[in-house]
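Q: Below is a structure I'd like to ask you about.
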DNA sequence: TAACATTACGTTAGCCGTAACGATA
DNA sequence: TATCGTTACGGCTAACGTAATGTTA
């Protein structure tokens, strides 16, 4: 068997063409690399380079060897990656979500069920969520679209409708509903950590009117101190506090109303059965 | 990246369950193996064993790691095997054949065309020949059945018909033809290196009547010194010498008449075009 | 002469084995 | 006590860096 360091050095030489360039890249001396390549050829029993005019050039066999060396190193890296992810998945529950509201809900539900495990949660795009489920980076993902994937178990979770928040003395304050096109001239305060909602806002509204805030505290202060508009949602109002100085107006665009789905790997479904049961019964209570 | 020797040692421990047993198997000391496993866990950043009661037991993560370690070592071994075979295929032409007669013919044809390369030839079963072509162990194979395989280029080569050889004073000597069933009471001298013909003889004739000889010289001496029967073929008589003290009688069974095919990989076909052309024109001359 | 590879030589890191130790059945 | 694993210590292999040498453009 060939030691890994020889293959790494070999691929360095293949990539950088000369021993000197590769040695610098690999942070070892040129003579050391020269010896390593000799050793590799010795162990394979096959010449990988032709040495002429103080140049080393890959042979045909060397090119073949490079292809297979790549595969060997890739398998080695996959071992490392997979084992670390697997260990992580045993000791913690990792949740990815496309939006913050359902994440906090699911978080507390999971905390009750897995009190002995660390919960890690983060926002991510839908495709990153699905990839993450598949490679065990996430155990749960909250999506806003039904994925078409055999490997995933998906359960409908909860709906959320965007509301537009305005001071009570705003000209639009007595409207029964609004649409994104009505808002295009309004300055709007927005929290950066809203997941996929950010993309919808960026698509529907002029960028220069979106005052995006990194810190929630700052956002709240600004809402209190100014007459700028902002967003909320039906489910946030149900659980959170309503600002008495503001009115909340529904948006009639179809993008403002989403359904969230909770997903896990099919192979994990049994393990998390009680989670999905809780969600299902909670959904029934809401109906 | 994880060095190869650590993975080999790890899989040794996985297989032999205890450090002491694995150490003996791997021909290293037990403490060395103990340190290696610690180092592996250290480098992965993940525990692979639980250590209790002076026992080490694989964790769930350890089992996953073993699976991936196997793949990594397999990729490493494939690198070695493939590179060696590839180098071999560049420097020599390797021919496998199901029978000796066409092999010697093809051998001399190839010798003319590749005077700068070493020719290696050997007898083998048809399935070993096809496998050998596919993994570049052989560049050419002589088969006696048309293979059904997309990856292979196959050209009809030559026919051979078995003849039965008898002393002129043998009761069967004036027969025009014979069949295997006629021969079942005769003692028959046979050379071991006849390739697939051996299987046909073993199927059609009683084992105790086959006097198989390892050395061709011995066979010839025995044929001259005894009245036992033996085999020859039409093409052998055409190129070789006919024994004036013997008669040669055709066998009417369909198994006694075969067609040989010369095969190579489709991807190599262009490289060997002139070889196949020579064969084709030689075949036309015989018609 | 500048760039590149190889050879020579001394240093050092790290892998190994022996021996001693600790724990368990 | 026998078995198994870990720790401690010293040796030795072999990978490394520096320096010198050889070769070509």
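Q: Which condition number in (1) at pLDDT 90 or above; (2) surrounded by fewer than 16 Cβ atoms within 10 Å (Cβ to Cβ); (3) touching a strand residue (DSSP E or B) at 6+ places or on another chain (Cβ under 9 Å) is the one that residue B:217 fails?
A: For residue B:217, the exception is condition (3).
Q: Would you be able to tell me the number of residues in the stretch A:4-33 that are near DNA strand D (Cβ under 9 Å from one of its atoms) and either part of a helix (DSSP H, G or I) or at pLDDT 95 or above (or both)? It would help to see each step written out before you state the result.
A: As a first pass, look at the stretch A:4-33 and keep what is near DNA strand D (Cβ under 9 Å from one of its atoms): A:5-6, A:9, A:23, A:26-33.
Checking the rest, the ones that are also either part of a helix (DSSP H, G or I) or at pLDDT 95 or above (or both) come to A:5-6, A:9, A:23, A:26, A:30-33.
The total comes to 9.
Q: A further question on this structure: Report whether or not residue A:106 is assigned by TED's automatic domain parsing to the domain that holds residue A:282 and either in a helix (DSSP H, G or I) or modelled with pLDDT under 90 (or both).
A: So residue A:106 passes the test.
Q: Take the conditions within 19 Å of residue A:239 (Cα to Cα), away from chain B (no Cβ under 14 Å) and either at pLDDT below 95 or under 16 Å from the mean Cα position of the chain (by Cα) (or both) and apply them to residue A:114. Does it pass? I'd like the intermediate steps shown before the answer.
A: Details: within 19 Å of residue A:239 (Cα to Cα): no; away from chain B (no Cβ under 14 Å): yes; either at pLDDT below 95 or under 16 Å from the mean Cα position of the chain (by Cα) (or both): yes.
In short, no.
Q: Has the stretch B:34-46 got at least one residue that is more than 9 Å from chain A (Cβ to nearest Cβ), closer than 13 Å to residue A:79 by Cα and not in a loop (DSSP other than H, G, I, E, B)? I'd like the intermediate steps shown before the answer.
A: Residues of the stretch B:34-46 that are more than 9 Å from chain A (Cβ to nearest Cβ), as a first pass: B:34-42.
Checking the rest, the ones that are also closer than 13 Å to residue A:79 by Cα come to B:40-41.
Next, from what is left, pick out any that are not in a loop (DSSP other than H, G, I, E, B): B:40-41.
Checking the stretch B:34-46: at least one residue is more than 9 Å from chain A (Cβ to nearest Cβ), closer than 13 Å to residue A:79 by Cα and not in a loop (DSSP other than H, G, I, E, B).
Q: Quick one: residue A:50 ticks every box in (1) more than 7 Å from chain B (Cβ to nearest Cβ); (2) over 23 Å from residue A:264 (Cβ atoms); (3) out of contact with any strand residue (DSSP E or B) (no Cβ under 6 Å at 6 or more places or on another chain) bar one, so which box is it?
A: So the condition that residue A:50 fails would be (3).
Q: Would a scan of the stretch A:91-100 turn up a residue that is farther than 19 Å from residue B:81 by Cβ and assigned to a helix (DSSP H, G or I)? So that I can check it myself, show each step before the final result.
A: Step one: of the stretch A:91-100, the residues farther than 19 Å from residue B:81 by Cβ are A:91-100.
Those still in the list that are assigned to a helix (DSSP H, G or I) too: A:91, A:100.
Yes, the conditions are met somewhere in the stretch A:91-100.
Q: Now for a separate question. I'd like the residue in the stretch A:142-174 that is assigned to a loop (DSSP other than H, G, I, E, B) and touching a helix residue (DSSP H, G or I) at 6+ places or on another chain (Cβ under 8 Å) and, out of all such residues, is nearest to residue A:239 (Cα to Cα).
A: Step one: of the stretch A:142-174, the residues assigned to a loop (DSSP other than H, G, I, E, B) are A:144-151, A:168-174.
Imposing the further condition that a residue be touching a helix residue (DSSP H, G or I) at 6+ places or on another chain (Cβ under 8 Å) reduces the set to A:144-145, A:147, A:149-151, A:172.
Details: A:144: 20, A:145: 24, A:147: 28, A:149: 33, A:150: 35, A:151: 34, A:172: 25 Å.
The selected residue is A:144.
Q: Residue under question is residue A:35, and the condition is that it be within 12 Å of DNA strand C (Cβ to nearest atom), closer than 20 Å to residue B:1 by Cβ and more than 39 Å from the chain's Cα centre (by Cα); does it hold?
A: Details: within 12 Å of DNA strand C (Cβ to nearest atom): yes; closer than 20 Å to residue B:1 by Cβ: yes; more than 39 Å from the chain's Cα centre (by Cα): yes.
Taking the combined requirement at face value, the residue satisfies it.
The values are calculated or read from the model by the stated rules, or taken from the named source; none is laboratory data. Worth saying up front: this structure is predicted, and the values here are computed from it rather than measured. Quick reminder, even Gly has a Cβ in these numbers, built from the backbone with ideal geometry, and neighbours come from all protein chains shown.
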